[in-house]
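Visitor: Once you've had a glance at the structure underneath, I'll fire off some questions.
The values are calculated or read from the model by the stated rules, or taken from the named source; none is laboratory data. This is a predicted model, so every value here is computed, not measured. Glycine also receives a Cβ, built like all others from the backbone with ideal geometry; neighbour counts cover every protein chain displayed. Protein only, heavy atoms only, side chains kept; ligands, DNA and RNA dropped before computing areas. Shrake-Rupley method; radii C 1.70, N 1.55, O 1.52, S 1.80 Å.
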Amino acid sequence: MSINHIRPWRNIERRKSRQIMVGNVPVGGDAPISVQTMTNTLTSDVKATVKQVLAAAEAGADIVRVSVPDVESSTALREITKESPVPIVADIHFHYKRAIEAAEAGAACLRINPGNIGSEERVKEVIKAARDYGCSIRIGVNAGSLEKHLLDKYGEPCPDAMVESGLEHIKILQDNDFHEFKISVKASDVFMSAAAYQMLAEATDAPIHLGITEAGGFVSGTIKSAIGLGQLLWMGIGDTMRVSLSADPVEEVKVGFEILKSLGLRHRGVNIISCPSCARQGFDVIKTVETLEKRLEHIKTPMSLSIIGCVVNGPGEALMTDVGFTGGGAGSGMVYLAGKASHKMNNDQMVEHIVEEVEKKAAQLDEAASSD
């Protein structure tokens, strides 16, 4: 067992929701919170889109969404779903017929926006296609595209309008005896999103898809998402999530997992604990961590690694991690294994040595897990 186990004071009591299936991925109930991303290629370019899907899946994405704006995209979707190792969600706006075509092409889930999908009759046709082809549905409410009657009622986008929009569409699905759905109420404003999601969590037992939409570039979007999604997850709200960044979809997956890892909700790969570095550092911490992050990307086993530049906090942090390195003096530092000081290592050999120790520990944990 990894030393980085869950401690009682870190447990989060998750909201109880119904469970649905998105392809072979359970969403809601007691299922792990799934991490999603979305391709940014032209969906009609099968080769480029599949390449992004595969990269996202390799990074850990449980589900990948693709936009289906035209017939060429829904046609390409048939090949994309065949080659994808993870369920594909078809993102539909305006054209309800694209949703029907996407269901026929093998999409595992249809994302429809209440603000632009059209009349109730059109929604009913989408429901029929989802039922016929075994798709789930995501009701994707967005503050930027609310229905006119709600904007007239509330005067502007607000949490009440977003939740009302979602509940109206839940009623349509339920009235048509369709229950394989999840729902999101996204806004680019962190406060609006958080308030809407809290209201939604009280109003329905449907699985909730979390997101701060149009969050921004890598740095600003990561911070906004960590604040907005982090507080909701801490409250136990959320069954699946996407971090929306103006960046490579792989980065969205990485940030998503880091948010979940920081809250003890998902564990995948090496969690590196490192200091920001200062004049006391016995080696170049920043460069070392950057190198190790790349060198250890292939490790999927949940485990922890501390890289601390000096002995002020190094030994204490190492006590809590599976593998650790604390900077000392005279060009060497101390290697810690399972929380205990093990042996000294020269700084110029530390990266290779740490990689070896992490790989060895990962193999041990994998073997122990397989024998359970």
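Visitor: What is the packing order of peptides 126-138, 219-231, taking the mean over residues of other C-beta atoms within 10 Å and listing the highest first?
Guide: Taking the mean over residues of other Cβ atoms within 10 Å, the ranking is 126-138, 219-231.
Visitor: For P(r) over Cα pairs in 10 Å bins from 0, in percent, pick the label among (1) 4, 17, 22, 20, 17, 12, 5, 1, 0, 0; (2) 5, 23, 32, 26, 11, 2, 0; (3) 5, 22, 29, 22, 13, 7, 2, 0 that corresponds to the value derived from the coordinates.
Guide: (3)
Visitor: Take every DSSP beta bridge whose two residues both sit in the chain, then give the antiparallel share in percent to the nearest 5.
Guide: Numbers: 14 of 50 bridges.
Approximately 30 percent, going by the DSSP bridge assignments.
Visitor: What does the charge dipole of the stretch 253-350 about its Cα centre add up to, to the nearest 20 debye, if the Cβ of each Lys and Arg holds +1 and the Cβ of each Asp and Glu holds -1? Mind dumping the intermediate values first?
Guide: Working: 11 positive and 8 negative charges, 45 e Å.
I would put it at about 220 debye.
Visitor: In the neighborhood of G28, defined by Cβ-to-Cβ distances under 14 Å, what is the net charge if each Lys or Arg adds +1 and each Asp or Glu adds -1?
Guide: +1
Visitor: Follow-up question, since we're still on this one. Once fully extended, how much extra length lies between D205 and M320, figured as 0.36 nm per residue of separation less the alpha-carbon to alpha-carbon distance?
Guide: 37.7 nm
Visitor: Based on alpha-carbon centroids, what's the gap between the stretch 246-325 and the stretch 23-46 in Å, whole number please?
Guide: What the calculation gives is 26 Å, centre to centre.
Visitor: Need the full-extension length gain, Y133 to R280, defined as separation in residues times 0.36 nm minus the C-alpha distance. One decimal, nm.
Guide: Going from the current span to full extension adds 46.7 nm.
Visitor: Please list the non-local residues whose amide H lies under 5 Å from the amide H of F325, H modeled 1.01 Å from N, same-chain partners needing a gap of 5 or more.
Guide: S306, I307, I308, Y336
Visitor: While we're on this one: What number, in percent, do you get for the relative contact order of the chain if the mean sequence gap of Cα pairs under 8 Å and at least 6 apart is divided by its residue count? Write out the running numbers ahead of the final one.
Guide: Values: 792 pairs, mean separation 53.8, N = 372.
The value is 14 percent.
Visitor: Quick one: compute the contact order of the stretch 88-224, relative version, from alpha carbon pairs under 8 angstrom and 6+ residues apart, as a percent. Can you show the working numbers first?
Guide: Details: 228 pairs, mean separation 27.1, N = 137.
Relative contact order for the stretch 88-224 comes out at 20 percent.
Visitor: Using the alpha-carbon centroid of each, what span in Å lies between the stretch 54-117 and the stretch 168-240?
Guide: If we compute the Cα centre of each part, the gap is 20 Å.
Visitor: Taking H placed 1.01 Å from N in the peptide plane, check which residues at least 5 places from S244 or on another chain put their amide H under 5 Å from its amide H.
Guide: Sorted by chain and number, the residues that satisfy this are I212, A215.
Visitor: Run lengths n ≥ 4 of DSSP H only: what is the helix-derived mean residue ellipticity at 222 nm for the chain, with -39500 (n - 2.57) per run over all residues, to the nearest 500?
Guide: Per the formula, -13500 deg cm²/dmol.
Visitor: Something else: For an R0 of 56 angstrom, estimate the FRET efficiency from the Cβ-Cβ distance between Q174 and H343 and round to the nearest 0.05.
Guide: The pair Q174/H343 has a calculated efficiency of 0.35.
Visitor: Something else: Whole-Hz Karplus ³J(HN,Hα) for the stretch 273-281, in order, using 6.51 cos²θ - 1.76 cosθ + 1.60 and θ = phi - 60°, x for Gly and Pro?
Guide: 9, 9, 8, x, 6, 7, 5, 7, 4
Visitor: Rank by packing, highest mean first: peptides 180-189, 326-335, 28-37, with packing defined as the count of other Cβ atoms within 10 Å averaged across residues.
Guide: Going from most to least packed, we get 180-189, 28-37, 326-335.
Visitor: Can you give me the % of accessible surface on the chain that is carbon or sulfur? Probe 1.4 Å, all protein chains present, nothing else counted.
Guide: Roughly 54 percent, rounded to a whole number.
Visitor: Another question, then. May I ask for the angle, rounded to the nearest 10°, between helix 350-371 and the longest principal axis of the chain, with both axes built from Cα atoms and the value confined to 0 to 90°?
Guide: Around 60 degrees separate the two axes.
Visitor: If you don't mind, there's one more thing I want to ask. Compute the helix-to-body angle for 120-133: its Cα long axis versus the longest principal axis of the chain, expressed 0 to 90° and rounded to tens.
Guide: With both axes taken from Cα atoms, the answer is about 60 degrees.
Visitor: Averaged per residue, what accessible surface does the chain expose to a 1.4 Å probe, in Å²?
Guide: It amounts to 45 Å² per residue over the chain.
Visitor: Got a sec to turn the phi values of the stretch 319-336 into Karplus ³J(HN,Hα) couplings, 6.51 cos²θ - 1.76 cosθ + 1.60 with θ = phi - 60°, whole Hz, x for Gly and Pro?
Guide: In residue order, the calculated couplings are 4, 9, 10, 5, 9, x, 9, 10, x, x, x, 6, x, 9, x, 9, 8, 10 Hz.
Visitor: What's the ranking of 307-313, 348-354, 80-86, 204-210 by average number of surrounding C-beta atoms within 10 Å, highest first?
Guide: 204-210, 307-313, 80-86, 348-354
Visitor: With charges set only on the Cβ (+1 for Lys and Arg, -1 for Asp and Glu), what does the dipole of the chain come to about its Cα centre, in debye to the nearest 20? Before the final figure, lay out each step's value.
Guide: Working: 39 positive and 48 negative charges, 112 e Å.
Computed charge dipole of the chain: roughly 540 debye.
Visitor: Mind checking the full-extension length gain between E290 and V312? Use 0.36 nm per residue of separation minus the Cα-Cα distance, one decimal, nm.
Guide: On the way: separation 22, 0.36 × 22 = 7.92 nm, distance 2.17 nm.
Full extension from E290 to V312 adds 5.7 nm.
Visitor: Here's a follow-up. Per residue of the stretch 90-104, in order, report the coupling 6.51 cos²θ - 1.76 cosθ + 1.60 (Karplus, θ = phi - 60°) as ³J(HN,Hα) in whole Hz, putting x for Gly and Pro.
Guide: 8, 8, 10, 9, 6, 9, 4, 5, 5, 5, 5, 5, 5, 4, 5
Visitor: Could you state the angle between the C-alpha long axis of helix 190-203 and the longest principal axis of the C-alpha atoms of the chain, as a value from 0 to 90 degrees rounded to the nearest 10?
Guide: So the helix axis and the longest Cα principal axis differ by about 70 degrees.
Visitor: Right, something else. Based on the Cβ-Cβ distance from V71 to D152, what FRET efficiency comes out when R0 is 30 Å, to the nearest 0.05?
Guide: After rounding to 0.05, the efficiency reads 0.35.
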